[in-house]
Amino acid sequence: MDEWNQPNTVPECLFSSMQSLSWSEYTGEPKERDIVVYILKHALHLKTATIKSPESAVPKFEMLKELSLSSRASTTC
């Protein structure tokens, strides 16, 4: 993935119906973190988010700390 630009408007499916997020091979790069934070911030009906990274990519505690501090639209995730 070269670059990610945040959309000007939140996609309707993300806002109104996305219930789960599964991301494997998460490396913790800033652009990946920005995407996950964007989804957490706007997915109103998100129930579960599963984010997996290779052992060497990102320290698990650091990843959890960063993502847990981000705001969430959903109260159930």
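Restricting to Cα pairs below 8 Å that are 6+ residues apart, what does the relative contact order work out to for the chain? Please round to a whole percent. Let's see the in-between values first.
Numbers: 101 pairs, mean separation 28.5, N = 77.
Relative contact order here is 37 percent.
Using all C-alpha to C-alpha distances in region 12-68, build P(r) with 5 Å bins and read off the rounded percent in each one.
4, 19, 31, 24, 14, 7, 2, 0
What longest range of the chain stays clear of loop-exposed trypsin sites (Lys or Arg not before Pro) (DSSP non-H/G/I/E/B, at most 14 other C-beta within 10 angstrom)? Spell out each step's value before the answer.
On the way: sites that count: Lys47, Lys52.
Result for the longest clean stretch: 1-46.
By how many degrees, between 0 and 90 and to the nearest 10, does the Cα long axis of helix 30-42 differ from the longest principal axis of the chain?
30 degrees
Counting GluC sites (Glu not before Pro) as exposed when in a DSSP loop with at most 11 other beta carbons within 10 Å, what is the longest stretch of the chain free of them? Write down the numbers at each step before the final one.
Numbers: sites that count: Glu3, Glu25, Glu55.
My reading of the result: 26-54 is the longest stretch.
For Ile51, which sequence-distant residues (separation of 5 or more, or a different chain) have an amide H within less than 5 Å of its own amide H, given hydrogens modelled in the peptide plane?
Amide H neighbours of Ile51, under 5 Å, 5+ apart: Trp23.
Taking the simple approach of a point 7 Å from Cα along Cα-to-Cβ for both Gln19 and Asn5, what is their distance in nm?
The modelled label-to-label distance comes out at 3.4 nm.
Using +1 on the beta carbon of Lys and Arg, -1 on that of Asp and Glu, and nothing else charged, what's the dipole of the chain about the Cα centre, debye to 20?
Numbers: 8 positive and 10 negative charges, 84 e Å.
For this selection, approximately 400 debye.
Report the label-to-label distance for Thr48 and Asp34 in nanometres (one decimal), using points 7 Å from each Cα along the Cα→Cβ vector.
3.0 nm
Could you give the length gained on full extension between Leu64 and Thr27, defined as 0.36 nm per residue of separation minus the Cα-Cα distance, in nm?
On the way: separation 37, 0.36 × 37 = 13.32 nm, distance 1.25 nm.
That works out to 12.1 nm of additional length.
FYI, it's all coordinate maths here, none of it is from the lab. The shown structure was predicted, so the numbers you read here are calculated from the model rather than taken from an experiment. Positions of Cβ are generated from backbone atoms using ideal geometry, with glycine treated the same way; all protein chains shown enter the neighbour counts.
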